[in-house]
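Report on one structure; see the data block that follows.
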Amino acid sequence: MTTPANLKNQRRAYDVQEVRFHYPHSAPNAVPWVLQDVSFFLESGEMLGIVGPNGSGKTSLLRLLAKIVPEQQGVIRLFGKPLSVLRQEDVARDIGFVPQDVSQTFPFTVAETVLMGRFPHRHRTSWDLGFGWDSRADRAIAQRTMATMDVWRLAARSVTELSGGERQRVMIARSLAQDPRVLLLDEPTAFLDLQHQVEICALLHRLKEERGLAIVLVSHDLNLASQYCDRVLLLDQGRVVRLGSPADVIRQDVLETAYRCRVLVDCHPHSGLPRVTLPGRNRVM
């Protein structure tokens, strides 16, 4: 029987409750928690920005959400099911993950790299072309995502020959080829020029609106988080400092406490959302 609570859980992409995490440490009695008592939820069709100073736990939290590392305490639910009990292959069908480090050692072509995103959906009875497990439908999806990310013209080139920005767009294309319900991105605009930053942000906004995609975006760019994310989660020293709308989080007093420096916050002239700028050199804290 489907209840309102069950429907809510099916729509809720993530439900994170009191999660603690640390990496293995040489001293058994010293447990430096990288994340402490982190709780939040993410709905389908919502974009959540995760921001905070260096070392605050942003990337570690993203790795937990992708089940790359396990939580030590607490629970993470993905569409109502504990992430810890799901097979990695099942997780890969629902979650597309784009790490910050997009270097690639093996000289696969762009087309081959994007097609790898279809592996979680592989058809074991399809042995026609490509890798052996891919179908014509898989290759059509890969072609569409390459066109979406403006890397179709690079299809025959080796990924090792690309610039950092081109590689970043290829990795996002590979994740989109998975046809995920959740997209996790670590600094997705870090290597992109201004034009492609705007295009990526507009694309992510369109995906969440049209497909109901749940998106978690880790970024050092506070203005990107403010202008494009529905909610912002601010981490500092592994703890949630503030979680809410951009207007609730991107505030001068909140940011100065977390980042320990002076910032200026005003309203963007077009969106009306908070905008962060640095003070002049004579006004540094």
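Just so you know, all these numbers are worked out from the coordinates, no wet-lab data involved. As the structure is a computational prediction, the values presented were derived from the model and not from experiment. Note that each Cβ is placed from the backbone with ideal geometry, even for glycine, and that neighbours are counted across all protein chains shown.
Close amide H contacts of F191 (hydrogens built in the peptide plane, cut-off under 5 Å, sequence separation of 5 or more or a different chain): none are found. The ranking of C229, C201, C267 from fewest to most other beta carbons within 10 Å of each one's beta carbon is C267, C201, C229. Which of rounded, prolate or oblate describes segment 140-219 when judged by the alpha-carbon gyration tensor and an a/c cut-off of 1.5? Oblate, because a/c is 1.5 or more while a/b does not exceed b/c.
Once you sort the root eigenvalues of the Cα gyration tensor of segment 192-247 as a ≥ b ≥ c, which label holds: rounded (a/c under 1.5), prolate (a/b larger than b/c) or oblate (the other case)?
oblate
Computing Rg and the Kirkwood Rh from the Cα coordinates of the chain gives a ratio, Rg/Rh, of 0.99.
The spacing between segment 13-85 and segment 139-171, judged by their C-alpha centroids, is 30 Å. Residues in segment 141-150 carry Karplus couplings, in order, of 5, 4, 5, 5, 5, 5, 5, 4, 8, 6 Hz; the curve used is 6.51 cos²θ - 1.76 cosθ + 1.60 with θ = phi - 60°, and Gly or Pro positions show x.
Couplings for segment 191-198, taken from phi via the Karplus curve 6.51 cos²θ - 1.76 cosθ + 1.60 with θ = phi - 60°, read 10, 9, 6, 4, 4, 6, 4, 4 Hz in order; Gly and Pro are left as x. Annotation: amide H of V69 within the under-5 Å range of L64, sequence separation 5 or more or interchain, hydrogens built in the peptide plane. Neighbour counts of other Cβ atoms within 10 Å put I200, I68, I50 in the fewest-to-most order I68, I200, I50.
With only the Cα atoms considered, segment 185-285 has a convex hull volume of 123 Å³ per residue. What the phi angles of segment 263-276 give under the Karplus curve with 6.51, -1.76 and 1.60, with θ = phi - 60°, is a coupling list of 9, 10, 10, 9, 9, 5, x, 9, 8, x, 7, x, 10, 10 Hz, glycine and proline written as x. Cα-based values for segment 55-102, radius of gyration first and Dmax second, are 11.0, 31 Å.
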